[in-house]
Amino acid sequence: MKFIKPAMAILTSLVLLGCADGPSHLIIAPEIHTPTTVKYHNKQVHFKVTDLRTATHIIQILREAEPAQLMTSQKSLSDVINQTLKNEFEKQGLILNQTGVNYIDIIIDTALIKVKQETMSYEAKSNISLRVKVKNNQQTLTKTFNSQNSSSGPLSADIAVLERDFNQQLTNALINILNNNEITQFIK
């Protein structure tokens, strides 16, 4: 009998923690730490990022018989990708402007974490799909970079962990774009 009160207190705390409001926005901040290698020598390129997703949220939490809980990023995903890639391409020697015959278009097709939240467990699946279109004065190259991840666990999904994993997943996709030999050769 003396174990029932502490057990009930713990259970009540866990239930309240599961119901507590978490952050309303995610911080999407990919961190690229690669050695700076000049691949391009003052090559001018028109650069843009376009978000073609039908909705702008990053996390979608689904619970039975409840409306979906949606979470967006503090800054638009297209702005984050634009700034990150712009900085890295400039380090590689590209001059990014609005003129020139060469184009790099980054298209965000998918960037979503779907969480299926049960009473005592969750399952999360994340998917990022970025399409890169590179045009020079003669031809066009299109490459798609996909990244998928899944996780599951007891109780509720930890938004901070999902955010961290998504940032790592996005970082890897951006590094793959920056280091892709076909893209590099096509721009040169």
Problem set entry | Computed over the chain: relative contact order in percent, which uses C-alpha pairs under 8 Å that are six or more apart | 23 percent
Exercise. Which Cα, out of Ile81, Gln138, Thr36, lies furthest along the positive dipole direction of the stretch 24-187 (beta carbon charges, K/R +1, D/E -1)?
Worked result: Gln138
Exercise. Cross-link partners among lysines for Lys114, C-alpha distance below 30 Å, same-chain residues fewer than 8 apart left out?
Worked result: Lys48, Lys75, Lys86, Lys125, Lys133, Lys143
Exercise. Cα axis of helix 4-19 to longest principal axis of the chain: angle in degrees, 0 to 90, nearest 10?
Worked result: 30 degrees
Exercise. For the residues Lys39, Lys143, what sequence is obtained by ranking on other C-beta atoms within 10 Å, fewest first?
Worked result: Lys143, Lys39
For this session: For n ≥ 4 DSSP H runs only, could you compute -39500 (n - 2.57) per run for the chain, divide by its residues and tell me the 222 nm figure to the nearest 500?
Result: -10000 deg cm²/dmol
Problem set entry | Rough spin-label spacing in nm, given labels placed 7 Å along Cα→Cβ, for Arg53 and Val161 | 2.2 nm
Exercise. What list do you get for Val115, Val101 if you sort them by fewest beta carbons within 10 Å?
Worked result: Val101, Val115
Problem set entry | the chain: angle of helix 77-91 to the longest principal axis, Cα-based, in degrees nearest 10 | 40 degrees
Exercise. Once you charge only the Cβ atoms, +1 for Lys and Arg and -1 for Asp and Glu, what is the size of the charge dipole of the stretch 95-188 about its Cα centre, to the nearest 20 debye?
Worked result: 380 debye
Problem set entry | Whole-Hz ³J(HN,Hα) from phi, Karplus 6.51 cos²θ - 1.76 cosθ + 1.60, for the stretch 140-145, glycine and proline x | 10, 10, 10, 10, 10, 10
Exercise. For the stretch 31-37, what does the Karplus curve 6.51 cos²θ - 1.76 cosθ + 1.60, with θ = phi - 60°, yield as ³J(HN,Hα) per residue in whole Hz, taken in order and with x for Gly and Pro?
Worked result: 10, 9, 10, 10, x, 6, 10
Seminar exercise, completed: Under 5 Å from the placed amide H of Ile95, counting only residues 5+ away or on other chains, we find Lys43, Gln44, Val45
Problem set entry | Histogram of C-alpha separations across the chain, 10 Å bin width, % | 8, 32, 26, 16, 10, 5, 2, 1, 0
Seminar exercise, completed: Long-range amide H partners of Asn102, meaning residues 5 or more apart or on another chain whose placed amide H is closer than 5 Å, are His46
Exercise. Can you give the charge dipole size of the chain about its Cα centre, rounded to the nearest 20 debye, using +1 on the beta carbon of Lys and Arg and -1 on the beta carbon of Asp and Glu?
Worked result: 420 debye
Exercise. Listing Ile113, Ile175 from the residue with the fewest other Cβ atoms within 10 Å to the one with the most, what is the order?
Worked result: Ile175, Ile113
Seminar exercise, completed: Residues meeting the amide H criterion for Lys75 (H placed from the backbone, H to H distance under 5 Å, 5 or more places apart or on another chain) are Ile28
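Provide the percentage of antiparallel DSSP beta bridges, counting only those with both residues in the chain; round to the nearest 5.
Numbers: 32 of 49 bridges.
Beta bridges within the chain, antiparallel portion: roughly 65 percent.
Read-outs throughout are calculated quantities, based only on the coordinates presented, and are distinct from any laboratory measurement. These numbers were taken from a predicted model, which means no experiment stands behind them. Positions of Cβ are backbone-derived with ideal geometry, glycine not excepted, and every protein chain shown enters the neighbour counts.
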